[in-house]
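The values are calculated or read from the model by the stated rules, or taken from the named source; none is laboratory data. Here the structure is a predicted model, which is why all the values come from computation and not from measurement. Every residue, glycine as well, gets a Cβ built from its backbone with ideal geometry; the counts of neighbours run over all protein chains shown. The protein model used for the area step is the full one, side chains on, heavy atoms only, and it has no ligands, DNA or RNA in it. Shrake-Rupley method; radii C 1.70, N 1.55, O 1.52, S 1.80 Å.
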Amino acid sequence: MIDSIYKTIDKIIQAQKKARHDDDYLTIMLNGEALLEYIPELILYSVSQESEYRKFEAGMIDETDGTKKLTSSYCETKAKATDFYKEWQKTKQFIELMFEMVNMAKALGRGLNNEIKAS
């Protein structure tokens with residue numbers, strides 16, 4: 001499921017590049033809106049991945065290495081090596097990228113609106 005969301009987002013980003021190249025400001029704004037539609041699903045996925053990462057880390061705290069308990073920094077390092085952490089960070093960065101692209105589309109929309117009013 002998440003892979004299809006990433007593929008869709010990639011297609012929107014490619015369409016955004018083309019629209020920007022063609023100075024197609026309406027499409028840029030519509031693509032920004034389309035990106036917003038996928039953010040809730042990414043947020044849910046991100047939250048679940050962070051939760052799994054934290055559970056993994058918490059589960060290690062009570063383990064021992066022979067006779068001594070594992071340190072919190074060791075547990076954190078091991079937890080950060082999991083796919084849960086990788087996926088959590090990936091979705092966080094995708095969400096940030098999407099918001100930046102939406103903000104750019106909004107800025108272009110304001111500029112276009114001002115241009116239309118002036119003519």
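In the range 69-86, the residue that is nearest to Ser46 (Cα to Cα) out of those that are in a helix (DSSP H, G or I) and of a type in the set (Lys, Arg) is Lys86.
For Leu44, the stated conditions do not hold, so it cannot be described as more than 20 Å from Gln93 (Cα to Cα), without any contact (Cβ under 8 Å) to a residue 24 or more places away in the chain and outside any loop (DSSP other than H, G, I, E, B). Inclusion of Ser46 among residues that are surrounded by 14 or more Cβ atoms within 10 Å (Cβ to Cβ), closer than 30 Å to Lys11 by Cβ and not acidic (Asp, Glu) is warranted. Among the residues of the range 53-70 satisfying the criterion of being touching a helix residue (DSSP H, G or I) at 6+ places or on another chain (Cβ under 9 Å) and open to solvent by 70 Å² or more (accessible area, probe 1.4 Å), which is nearest to Met104 (Cα to Cα)? That would be Arg54.
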